Amino acid sequence: MLQIHLLSKFSVTIDDRDVTGLEASKAQETLAYLLIHRQRPHSREVLIDQIWGDYTKDQAQKGLRQALWQLQNALHGQDSNLHTGLLQVDTTWVQISVTSQFWLDIAVLEECYERVQGIRGQLLTADQAAAVTDAVQLYQGDLLETCYQDWCLIERERLQHIDLSLLDKLMEYEETQGNYEKACAYGEQILRHDRAREQTHRRLMRLYCLAGDRTAALRQYEACVVALATELAVKPAKQTEALYQAIKADTLAYPSPAASPTPPSATPTSLPSLLNHLQQVQVALADLQRNVAQDIQLLESLLPPSS
(Lines give C-alpha, C1' and ligand atoms only; values in the text may rest on other atoms or scores of the structure.)
Protein backbone atom coordinates (compact mmCIF):
# COMPACT_ATOMS: atom_id res chain seq x y z
CA MET A 1 0.00 0.00 0.00
CA LEU A 2 1.11 3.55 -0.72
CA GLN A 3 2.10 5.45 2.45
CA ILE A 4 2.94 9.15 2.50
CA HIS A 5 4.46 11.13 5.36
CA LEU A 6 4.34 14.93 5.13
CA LEU A 7 5.07 15.64 8.79
CA SER A 8 8.73 16.10 9.70
CA LYS A 9 10.73 14.29 6.99
CA PHE A 10 8.92 13.82 3.66
CA SER A 11 8.74 10.16 2.63
CA VAL A 12 6.76 7.98 0.24
CA THR A 13 6.77 4.18 0.40
CA ILE A 14 4.91 1.39 -1.37
CA ASP A 15 4.71 -1.90 0.52
CA ASP A 16 7.50 -0.64 2.81
CA ARG A 17 9.80 0.14 -0.13
CA ASP A 18 11.02 3.71 -0.60
CA VAL A 19 9.77 5.40 -3.76
CA THR A 20 12.73 7.08 -5.47
CA GLY A 21 12.69 10.04 -7.84
CA LEU A 22 10.96 12.43 -5.43
CA GLU A 23 14.05 14.08 -4.01
CA ALA A 24 13.43 17.47 -5.69
CA SER A 25 11.87 19.97 -3.26
CA LYS A 26 9.37 21.30 -5.81
CA ALA A 27 8.09 17.80 -6.56
CA GLN A 28 7.59 17.26 -2.83
CA GLU A 29 5.85 20.62 -2.40
CA THR A 30 3.56 19.96 -5.37
CA LEU A 31 2.54 16.54 -4.07
CA ALA A 32 2.04 17.92 -0.55
CA TYR A 33 -0.16 20.77 -1.81
CA LEU A 34 -2.30 18.38 -3.84
CA LEU A 35 -2.65 15.98 -0.90
CA ILE A 36 -3.56 18.68 1.59
CA HIS A 37 -6.26 19.90 -0.79
CA ARG A 38 -7.10 16.42 -2.04
CA GLN A 39 -10.87 16.97 -2.19
CA ARG A 40 -10.79 19.10 -5.35
CA PRO A 41 -8.96 19.56 -8.67
CA HIS A 42 -6.44 22.38 -9.16
CA SER A 43 -5.67 24.38 -12.26
CA ARG A 44 -2.07 24.57 -13.36
CA GLU A 45 -2.24 28.34 -12.91
CA VAL A 46 -3.12 27.94 -9.23
CA LEU A 47 -0.26 25.50 -8.65
CA ILE A 48 2.16 27.86 -10.39
CA ASP A 49 0.96 30.80 -8.30
CA GLN A 50 1.22 28.89 -5.01
CA ILE A 51 4.50 27.04 -5.54
CA TRP A 52 6.39 29.07 -8.16
CA GLY A 53 5.16 32.54 -7.23
CA ASP A 54 8.66 34.05 -7.25
CA TYR A 55 9.57 32.69 -10.69
CA THR A 56 9.02 34.14 -14.16
CA LYS A 57 6.07 32.74 -16.09
CA ASP A 58 8.29 30.63 -18.37
CA GLN A 59 10.36 29.33 -15.44
CA ALA A 60 7.23 28.51 -13.43
CA GLN A 61 5.54 26.65 -16.28
CA LYS A 62 8.70 24.66 -16.93
CA GLY A 63 9.08 23.96 -13.21
CA LEU A 64 5.51 22.64 -12.91
CA ARG A 65 5.92 20.41 -15.97
CA GLN A 66 9.14 19.00 -14.53
CA ALA A 67 7.60 18.42 -11.08
CA LEU A 68 4.56 16.66 -12.55
CA TRP A 69 6.80 14.50 -14.74
CA GLN A 70 8.86 13.52 -11.69
CA LEU A 71 5.72 12.66 -9.73
CA GLN A 72 4.17 10.64 -12.53
CA ASN A 73 7.42 8.83 -13.27
CA ALA A 74 7.90 7.92 -9.60
CA LEU A 75 4.28 7.07 -8.74
CA HIS A 76 3.04 5.77 -12.08
CA GLY A 77 6.26 4.08 -13.10
CA GLN A 78 6.74 1.33 -15.65
CA ASP A 79 6.83 -1.30 -12.92
CA SER A 80 3.19 -2.33 -12.58
CA ASN A 81 3.80 -3.17 -8.93
CA LEU A 82 4.51 0.50 -8.29
CA HIS A 83 1.58 1.94 -10.23
CA THR A 84 -0.51 3.83 -7.69
CA GLY A 85 -3.00 5.76 -9.82
CA LEU A 86 -2.61 8.61 -7.34
CA LEU A 87 -2.58 11.54 -9.77
CA GLN A 88 -4.94 12.63 -12.51
CA VAL A 89 -3.25 15.09 -14.85
CA ASP A 90 -4.43 16.79 -18.03
CA THR A 91 -3.45 19.94 -19.89
CA THR A 92 -5.41 22.20 -17.53
CA TRP A 93 -6.14 20.40 -14.25
CA VAL A 94 -4.28 18.30 -11.70
CA GLN A 95 -5.83 16.41 -8.81
CA ILE A 96 -5.55 13.44 -6.48
CA SER A 97 -7.63 10.60 -7.90
CA VAL A 98 -10.78 10.01 -5.86
CA THR A 99 -10.42 6.26 -6.44
CA SER A 100 -6.80 5.97 -5.33
CA GLN A 101 -6.03 4.18 -2.07
CA PHE A 102 -3.27 5.48 0.14
CA TRP A 103 -2.34 6.19 3.77
CA LEU A 104 -1.52 9.79 4.65
CA ASP A 105 -0.27 10.92 8.07
CA ILE A 106 -2.03 14.29 8.10
CA ALA A 107 -5.30 12.62 7.07
CA VAL A 108 -5.12 10.41 10.17
CA LEU A 109 -4.51 13.49 12.32
CA GLU A 110 -7.37 15.45 10.72
CA GLU A 111 -9.87 12.59 10.86
CA CYS A 112 -9.08 11.90 14.52
CA TYR A 113 -9.56 15.58 15.34
CA GLU A 114 -12.93 15.64 13.59
CA ARG A 115 -14.11 12.54 15.50
CA VAL A 116 -13.36 13.99 18.94
CA GLN A 117 -14.00 17.66 18.23
CA GLY A 118 -16.35 19.09 20.83
CA ILE A 119 -15.63 16.27 23.30
CA ARG A 120 -13.81 17.31 26.45
CA GLY A 121 -10.77 15.21 27.27
CA GLN A 122 -12.30 13.96 30.51
CA LEU A 123 -15.24 12.55 28.53
CA LEU A 124 -13.20 10.56 26.00
CA THR A 125 -13.79 6.82 25.92
CA ALA A 126 -10.81 4.49 26.21
CA ASP A 127 -11.05 3.74 22.46
CA GLN A 128 -11.18 7.44 21.59
CA ALA A 129 -8.20 8.18 23.83
CA ALA A 130 -6.25 5.35 22.18
CA ALA A 131 -7.03 6.74 18.72
CA VAL A 132 -5.94 10.23 19.77
CA THR A 133 -2.73 8.79 21.24
CA ASP A 134 -1.94 7.05 17.94
CA ALA A 135 -2.66 10.23 16.00
CA VAL A 136 -0.41 12.54 18.02
CA GLN A 137 2.42 10.02 17.81
CA LEU A 138 2.48 10.71 14.06
CA TYR A 139 3.37 14.33 14.75
CA GLN A 140 7.14 13.99 15.01
CA GLY A 141 7.77 17.33 13.34
CA ASP A 142 6.08 20.11 11.40
CA LEU A 143 4.68 19.94 7.89
CA LEU A 144 7.47 19.99 5.27
CA GLU A 145 9.96 21.47 7.71
CA THR A 146 12.23 22.88 4.97
CA CYS A 147 9.43 24.68 3.09
CA TYR A 148 8.67 28.33 3.88
CA GLN A 149 6.10 29.18 1.22
CA ASP A 150 3.05 31.10 2.44
CA TRP A 151 0.59 28.28 1.76
CA CYS A 152 2.80 25.85 3.68
CA LEU A 153 3.17 28.18 6.67
CA ILE A 154 -0.62 28.51 6.89
CA GLU A 155 -1.17 24.76 6.73
CA ARG A 156 1.69 24.15 9.15
CA GLU A 157 0.04 26.40 11.73
CA ARG A 158 -3.33 24.71 11.20
CA LEU A 159 -1.87 21.25 11.77
CA GLN A 160 0.07 22.49 14.80
CA HIS A 161 -3.22 23.72 16.27
CA ILE A 162 -4.85 20.33 15.65
CA ASP A 163 -1.94 18.54 17.32
CA LEU A 164 -2.00 20.84 20.35
CA SER A 165 -5.77 20.46 20.69
CA LEU A 166 -5.45 16.67 20.70
CA LEU A 167 -2.61 16.83 23.23
CA ASP A 168 -4.82 19.03 25.42
CA LYS A 169 -7.53 16.37 25.34
CA LEU A 170 -5.06 13.63 26.26
CA MET A 171 -3.69 15.71 29.10
CA GLU A 172 -7.18 16.17 30.52
CA TYR A 173 -8.09 12.51 29.92
CA GLU A 174 -5.03 11.19 31.76
CA GLU A 175 -5.68 13.60 34.62
CA THR A 176 -9.21 12.24 34.91
CA GLN A 177 -7.82 8.70 34.98
CA GLY A 178 -5.42 9.66 37.76
CA ASN A 179 -2.38 9.14 35.51
CA TYR A 180 -0.70 12.36 36.56
CA GLU A 181 2.74 11.51 35.17
CA LYS A 182 1.28 10.83 31.71
CA ALA A 183 -0.78 14.01 31.90
CA CYS A 184 2.33 16.01 32.82
CA ALA A 185 4.26 14.43 29.94
CA TYR A 186 1.59 15.62 27.48
CA GLY A 187 1.70 19.08 29.03
CA GLU A 188 5.46 19.24 28.63
CA GLN A 189 5.06 18.14 25.01
CA ILE A 190 2.60 20.97 24.41
CA LEU A 191 5.00 23.52 25.88
CA ARG A 192 7.80 22.29 23.61
CA HIS A 193 5.62 23.46 20.72
CA ASP A 194 4.24 26.58 22.42
CA ARG A 195 6.16 27.57 25.54
CA ALA A 196 3.89 30.56 26.24
CA ARG A 197 0.66 28.54 26.37
CA GLU A 198 -0.49 29.82 29.75
CA GLN A 199 -3.43 27.47 30.26
CA THR A 200 -1.03 24.51 29.94
CA HIS A 201 1.29 26.02 32.53
CA ARG A 202 -1.68 26.34 34.89
CA ARG A 203 -2.81 22.79 34.32
CA LEU A 204 0.71 21.52 34.93
CA MET A 205 0.86 23.47 38.17
CA ARG A 206 -2.32 21.75 39.37
CA LEU A 207 -1.13 18.35 38.14
CA TYR A 208 2.15 18.60 40.01
CA CYS A 209 0.16 19.39 43.15
CA LEU A 210 -2.07 16.38 42.56
CA ALA A 211 1.07 14.26 42.18
CA GLY A 212 2.34 15.62 45.49
CA ASP A 213 5.18 17.68 44.00
CA ARG A 214 4.54 21.21 45.25
CA THR A 215 8.09 22.29 44.40
CA ALA A 216 7.60 21.35 40.74
CA ALA A 217 4.32 23.28 40.70
CA LEU A 218 6.03 26.43 41.97
CA ARG A 219 8.86 26.01 39.45
CA GLN A 220 6.28 25.64 36.70
CA TYR A 221 4.90 29.04 37.62
CA GLU A 222 8.39 30.53 37.33
CA ALA A 223 8.77 28.92 33.90
CA CYS A 224 5.43 30.42 32.91
CA VAL A 225 6.53 33.90 34.00
CA VAL A 226 9.73 33.66 31.95
CA ALA A 227 7.96 32.27 28.86
CA LEU A 228 5.26 34.96 28.85
CA ALA A 229 7.80 37.74 29.36
CA THR A 230 10.12 36.40 26.65
CA GLU A 231 7.53 35.46 24.03
CA LEU A 232 4.75 38.00 24.60
CA ALA A 233 6.15 40.65 26.98
CA VAL A 234 3.21 40.17 29.37
CA LYS A 235 2.71 39.02 32.94
CA PRO A 236 0.66 35.97 33.98
CA ALA A 237 -3.12 36.35 34.08
CA LYS A 238 -4.95 36.85 37.36
CA GLN A 239 -6.11 33.21 37.29
CA THR A 240 -2.52 32.02 37.05
CA GLU A 241 -1.39 34.33 39.83
CA ALA A 242 -4.29 33.21 42.06
CA LEU A 243 -3.39 29.57 41.49
CA TYR A 244 0.26 30.29 42.30
CA GLN A 245 -0.65 32.06 45.54
CA ALA A 246 -2.86 29.13 46.59
CA ILE A 247 -0.05 26.66 45.90
CA LYS A 248 2.51 28.87 47.63
CA ALA A 249 0.29 29.13 50.72
CA ASP A 250 -0.39 25.39 50.55
CA THR A 251 -4.14 26.00 50.54
CA LEU A 252 -4.94 24.43 47.17
CA ALA A 253 -7.73 21.86 47.41
CA TYR A 254 -8.05 20.72 43.79
CA PRO A 255 -11.19 18.61 43.24
CA SER A 256 -11.18 15.43 41.17
CA PRO A 257 -12.06 16.20 37.51
CA ALA A 258 -14.52 13.31 37.55
CA ALA A 259 -16.28 14.54 40.68
CA SER A 260 -19.70 16.15 40.44
CA PRO A 261 -19.88 19.87 41.18
CA THR A 262 -20.14 20.56 44.87
CA PRO A 263 -23.70 21.54 45.82
CA PRO A 264 -24.02 24.92 47.51
CA SER A 265 -24.81 23.36 50.89
CA ALA A 266 -21.54 21.40 50.78
CA THR A 267 -19.37 24.36 49.82
CA PRO A 268 -16.67 25.10 52.41
CA THR A 269 -18.03 27.52 54.97
CA SER A 270 -14.82 29.25 56.09
CA LEU A 271 -13.99 32.37 54.10
CA PRO A 272 -10.43 31.29 53.10
CA SER A 273 -11.71 27.89 51.93
CA LEU A 274 -14.60 29.49 50.06
CA LEU A 275 -12.25 31.96 48.37
CA ASN A 276 -9.88 29.16 47.36
CA HIS A 277 -12.80 27.11 46.01
CA LEU A 278 -14.08 30.01 43.89
CA GLN A 279 -10.59 30.79 42.59
CA GLN A 280 -10.27 27.22 41.35
CA VAL A 281 -13.68 27.42 39.66
CA GLN A 282 -12.56 30.67 38.02
CA VAL A 283 -9.40 29.03 36.68
CA ALA A 284 -11.33 26.04 35.31
CA LEU A 285 -13.89 28.29 33.58
CA ALA A 286 -11.13 30.41 32.03
CA ASP A 287 -9.48 27.28 30.62
CA LEU A 288 -12.79 26.08 29.18
CA GLN A 289 -13.47 29.48 27.60
CA ARG A 290 -10.02 29.49 26.00
CA ASN A 291 -10.49 25.97 24.58
CA VAL A 292 -13.84 26.95 23.06
CA ALA A 293 -12.37 30.13 21.55
CA GLN A 294 -9.54 28.13 19.93
CA ASP A 295 -11.97 25.63 18.41
CA ILE A 296 -14.14 28.47 17.07
CA GLN A 297 -11.07 30.12 15.53
CA LEU A 298 -10.06 26.88 13.80
CA LEU A 299 -13.58 26.31 12.42
CA GLU A 300 -13.72 29.89 11.11
CA SER A 301 -10.39 29.37 9.32
CA LEU A 302 -11.78 26.26 7.59
CA LEU A 303 -14.93 28.00 6.28
CA PRO A 304 -14.83 29.38 2.72
CA PRO A 305 -14.74 33.20 2.54
CA SER A 306 -18.21 34.72 2.44
CA SER A 307 -19.24 36.20 -0.88
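The values are calculated or read from the model by the stated rules, or taken from the named source; none is laboratory data. Computed from a predicted structure; not experimentally measured. For neighbour counting, all protein chains shown are included, and Cβ atoms are generated from backbone atoms with ideal geometry for every residue, glycine included.
For the range 227-238, the count of residues that are under 22 Å from residue 180 (Cα atoms), crowded, with 18+ Cβ neighbours inside 10 Å and either in the same structural domain as residue 190 (by TED's automatic domain parsing) or without any contact (Cβ under 8 Å) to a residue 60 or more places away in the chain (or both) is zero.
Among the residues of the range 25-58, just one is of a type in the set (Gly, Ala, Ser) and touching a helix residue (DSSP H, G or I) at 6+ places or on another chain (Cβ under 6 Å), namely 27. Residues in the range 1-22 that are surrounded by 14 or more Cβ atoms within 10 Å (Cβ to Cβ) and assigned to a strand (DSSP E or B): 2, 3, 4, 5, 7, 11, 12, 13, 14. Residue count for the range 101-144 satisfying the condition of being among the aromatic types (Phe, Trp, Tyr) and under 12 Å from the mean Cα position of the chain (by Cα): 2. For first residues located in the range 142-162 and among the charged types (D, E, K, R), partners that are part of a helix (DSSP H, G or I) and lie 6+ apart or on another chain with Cβ distances below 6 Å form the pairs 142/156; 155/36. Only residues that are of a type in the set (A, V, I, L, M, F, W, C), buried (at least 20 other Cβ atoms within 10 Å of the Cβ) and either assigned to a loop (DSSP other than H, G, I, E, B) or in contact with a strand residue (DSSP E or B) (Cβ under 9 Å, 6 or more places away or on another chain) (or both) were counted across the range 23-33, and they come to 2. May I ask you to verify whether residue 183 is under 25 Å from residue 226 (Cα atoms) and either outside the structural domain of residue 234 (by TED's automatic domain parsing) or outside any helix (DSSP H, G or I) (or both)? When the stated conditions are applied, residue 183 does not pass them. Of all residues in the range 168-207, those satisfying the criterion of being under 19 Å from residue 138 (Cβ atoms) and either free of Cβ contacts under 8 Å to residues at least 12 places away in the same chain or in contact with an Asp or Glu (Cβ under 8 Å, 6 or more places away or on another chain) (or both) are 182, 185, 186, 190, 192, 193. The set of residues in the range 94-114 that are touching a strand residue (DSSP E or B) at 6+ places or on another chain (Cβ under 6 Å) and exposed (fewer than 15 other Cβ atoms within 10 Å of the Cβ) comprises 97, 103. Could you please let me know if residue 202 is within 22 Å of the chain's Cα centre (by Cα) and buried (at least 16 other Cβ atoms within 10 Å of the Cβ)? When the stated conditions are applied, residue 202 passes them.
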